[in-house]
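All of the numbers you see were taken from the coordinates with simple rules; none came from a lab. These numbers come from a predicted model, not from an experiment. Note: ideal-geometry Cβ built from the backbone for every residue, glycine included; neighbour counts use all protein chains shown.
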Amino acid sequence: MEGQGQRKYISAGELKEHNKSGDLWISIQGKVYDVSEWAKEHPGGEIPLLNLGGQDVTDAFIAYHPGTAWQYLDKLFTGYHLKDFEVSEASKDYRRLVSEFAKAAFGRIWVQPCC
Ligand code: HEM
């Protein structure tokens, strides 16, 4: 774990170590969240979080949730960002599409199309 300026970073390898019940971290748009306790309260159950623990889950998060789910994230933030975080072209396309649909249907976006 290391700091660059004000931000604290962990590597994808370090994130991967937190992949089990009781020690479960995920990243969404490069921000790392501790879902160890949240997994037990999650309306979608513990299984999807256990399956995807230790990874960036941005696209799954976007696919399965209404915009209202984003508000739960802040309190789960570990303070770490993912180092060398990159988004594939396919994911960028998908996120762009979701924000366009959200804007057209709801008049606002909750997914940053960039990341
Ligand atoms: C910190 C991360 C997460 C948070 C804060 C979160 C939050 C939520 C919330 C608030 C709901 C209820 C949504 C509603 O009102 O309809 C929900 C449902 C659900 N979540 Fe998550 N979620 C997280 C991660 C994930 C991940 C990684 C998956 C992977 C696929 C997932 C799969 C689902 C599914 C399938 C449901 C639907 C349950 C149903 O309607 O029967 N969630 N989640």
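Taking the C-alpha atoms only, the angle from helix 89-106 to the longest principal axis of the chain is near 50 degrees. Ordering R7, R95 by the number of other Cβ atoms within 10 Å of each residue's own Cβ, fewest first, gives R7, R95. Under the simplified labelling scheme, the L73-K40 pair shows an inter-label distance of 2.5 nm, with each label point 7 Å from Cα along Cα→Cβ. Taking the alpha-carbon centroid of each part, what is the distance from the stretch 82-109 to the stretch 1-59 in angstrom? Result: 20 Å between the Cα centres.
Along its first, second and third principal axes, ordered by size, the stretch 2-85 spans 36, 26, 20 Å in Cα coordinates.
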